[in-house]
Amino acid sequence: MMNSIRGSIREVLEVSAVFIAVGLTFTAVSVLTSDIHFKIGTFRPIYSIPPHLVALSAMGLAVGFATSLFSIRFSMRPVILSVVLMLLFDLDHIPAALGIPQPIRPAHSLLFLGVVVLAELILLKKPIETGVLIGAAFLGHLAVDTGLFPLFYPFSMQYYALNSIYPWLYVSAFVLAIMAGLLTRFNTRPPNFVRN
Ligand SMILES: [Zn+2]
């Protein structure tokens, strides 16, 4: 039991450290390289942050439980990981919080998702199910967010409205979450996130 808790904390810290490093770098590059007309990101009013964090955490719990319930055995590790990942996608709001002009949600893009998943798989040698869970957290996060996001940044500077694709986001987040769980049944090599 203690080993399992220690393993969960270590896994979440490792994955988070790489995620934070990639997220902050990606955000910094977006601030330094984007055209001024693209830098229209603002920081949401302070009073609206706690309810948003609660909504993201609830979505993280739902996605993580979906993964764990379909895994080879139930574990809280994907659940904790999913909640943390769901929150970390908002690191890209830091420049606006500091009063620095920035693009809207640069890390809410497919390229960032690809880069961060590759970093986890290559640097930490995480199994493919961890990458799929990050994809589920990405879609789940977008399902909770409101407003605009640059899906194809930096290949396209177009912003897309999130509310036009909500049903698709919820469905695909849970499809990926269940897939991440099912993949643990085929992957027997450590470090599998439902094993110690
Ligand atoms: Zn967000």
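Out of SER16, SER4, one residue alone is under 25 Å from ILE94 (Cα atoms), assigned to a helix (DSSP H, G or I), touching a residue at least 60 places away in the same chain (Cβ under 8 Å) and not hydrophobic (A, V, I, L, M, F, W, C). It is SER16. I'm trying to understand the selection: among the residues of segment 49-90, which are closer than 24 Å to ALA17 by Cβ and β-branched (Val, Ile, Thr)? Matches in segment 49-90: ILE49, VAL63, THR67, VAL79, ILE80, VAL83, VAL84. Note down all Cβ pairs under 9 Å where the first residue falls in segment 157-177 and is modelled with pLDDT under 90, the second is of a type in the set (Ser, Thr, Tyr), and they're at least six residues apart or on different chains. Between residues of segment 157-177 that are modelled with pLDDT under 90 and residues that are of a type in the set (Ser, Thr, Tyr), the close pairs are MET157/SER34; LEU162/THR146; ASN163/THR146.
From the list ARG105, ARG73, the lone residue that is under 20 Å from ILE134 (Cβ atoms), touching a residue at least 60 places away in the same chain (Cβ under 8 Å) and not hydrophobic (A, V, I, L, M, F, W, C) is ARG105.
Yes/no matrix, rows are residues, columns are (1) more than 16 Å from the chain's Cα centre (by Cα); (2) within 23 Å of GLN102 (Cα to Cα); (3) touching a residue at least 12 places away in the same chain (Cβ under 8 Å):
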| residue | (1), (2), (3) |
| --- | --- |
| ILE9 | yes, no, no |
| SER34 | yes, yes, yes |
| SER57 | no, no, yes |
| GLY60 | no, no, yes |
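Considering the conditions (1) in contact (Cβ under 8 Å) with a residue 40 or more places away in the chain; (2) under 29 Å from VAL194 (Cα atoms); (3) touching a helix residue (DSSP H, G or I) at 6+ places or on another chain (Cβ under 6 Å), LEU110 is excluded by exactly one of them, (3).
The values are calculated or read from the model by the stated rules, or taken from the named source; none is laboratory data. Bear in mind the structure is a predicted one, so any value in this text is a computation, not a measurement. Please note: Cβ atoms are built from the backbone with ideal geometry, for glycine as well, and neighbour counts cover all protein chains shown.
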